[in-house]
Amino acid sequence: MSEGALAGRTAIVTGAGDGIGKGVARRFAAEGARVLVAEIDTANGERVARELREEFGAEALFQATDVTDKAQVHAMVDTAVRAWGSVDVLVNNAWGMGTVGRVERKTDEQLQRAFAMGYYGPLWAMQAAFPHMKERGWGRVVNMCSLNGVNAHMGTLEYNSAKEALRTLTRTAAREWAPTGVVVNAVCPGAKSAAFQRRAAANPEIAAIADKANPMGRLGDPETDIAPVVVFLASEAARYLTGNTLFVDGGSHINGVAWTPDLDGEQ
Ligand SMILES: NC(=O)c1ccc[n+]([C@@H]2O[C@H](COP(=O)([O-])OP(=O)(O)OC[C@H]3O[C@@H](n4cnc5c(N)ncnc54)[C@H](O)[C@@H]3O)[C@@H](O)[C@H]2O)c1
């Protein structure tokens, strides 16, 4: 057995086919975890699972998962339990939508999709994983939230609301599950992920503005800046830390992010 901080642990990472989720899955594998790559994009998901096996010698599986579908979320947890007998670590990271527009123009459909993605998906996964964690008296949940929600960035109501609902879920579960050995924390990251690269490609000034606005002068790297903190939260070292929000963003939460979207553009 490998000797990393997560040796012998079984982890599920949603949205692990790219961006921060991929960085987390790679660091988890490097630290000895067995990793279920739960991802809606089959090509990326399969590629990452293969990389984990080939580069790190890890046990890794890909499970096609749309986190907005309750049956698929349950199947995701079942797969990990069937394969490895447990779920020790759950990282709710998947996200895949976004609109920019004023509050008064947001539609029910946009809000419902955001809550399915950012709130219900993580909740269903937590509900399905918790009994297995409780049974073993050990569990770690890390929910990816956002400074957008904390600071109420303009234009992204559905994202902000779903992410803040997820932080409330994080804190409520942390309190209720504290006696069981299961800790639940939130991370608000700031990283040059796949989503960011796509935005920067469409609007090249964004990358320079984002770097300049960051106290450290650069947005983070998913694997080398964000993932090590998630490894810590998933490890034994975090056993007395629960209900917290860690801003892993080079200090952006201190000075805020100067981002003024075009609120009157097309949605
Ligand atoms: N990048 C940042 O700076 C930043 C800032 C704040 C919060 N976050 C949060 O961090 C998380 C990761 O963001 P990222 O920037 O790495 O995004 P990303 O777009 O780079 O990666 C997201 C991954 O989730 C997958 N995905 C999309 N919809 C899915 C679904 N329905 N089911 C399963 N998988 C799905 C995508 O295919 C992709 O592989 C998100 O929850 C995001 O809100 C990121």
- Just wondering, is there one or more residues in the stretch 222-242 that are in contact with a helix residue (DSSP H, G or I) (Cβ under 7 Å, 6 or more places away or on another chain) and within 30 Å of Asp264 (Cα to Cα)? no
- Scan (1) within 12 Å of the ligand (Cβ to nearest atom); (2) within 24 Å of Asp69 (Cα to Cα) for the single condition Arg140 breaks and write down its number. (1)
- Task: For the stretch 42-61, enumerate the residues that are surrounded by fewer than 16 Cβ atoms within 10 Å (Cβ to Cβ) and of a type in the set (Lys, Arg).
- Result: Arg50, Arg53
- Message: For the stretch 203-231, which positions are away from the ligand (no atom under 14 Å from the Cβ) and either crowded, with 20+ Cβ neighbours inside 10 Å or over 16 Å from the mean Cα position of the chain (by Cα) (or both)?
- Response: Asn203, Pro204, Glu205, Ala208, Lys212, Pro215, Gly217, Val231
- Query: What pairs come up if the first residue lies in the stretch 169-197 and is within 13 Å of Gly220 (Cβ to Cβ) and aromatic (Phe, Trp, Tyr), the second is in a helix (DSSP H, G or I) and modelled with pLDDT of 95 or more, and their beta carbons are under 6 Å apart, counting only those six or more places apart or on different chains?
  - Reply: none
- Note on the structure: For helices (runs of 4 or more DSSP H) lying entirely in the stretch 1-116, having 2 or more residues that are at negative phi and in contact (Cβ under 8 Å) with a residue 40 or more places away in the chain picks out 19-30, 70-84, 108-115
- Message: Out of the helices (runs of 4 or more DSSP H) lying entirely within the stretch 205-267, which hold 1 or more residues that are more than 26 Å from Asp18 (Cβ to Cβ) and not acidic (Asp, Glu)?
- Response: 252-255
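The values are calculated or read from the model by the stated rules, or taken from the named source; none is laboratory data. Keep in mind it's a predicted model, so treat the numbers as computed, not measured. Counting neighbours? That spans all protein chains shown, and the Cβs are built from the backbone with ideal geometry, glycine included.
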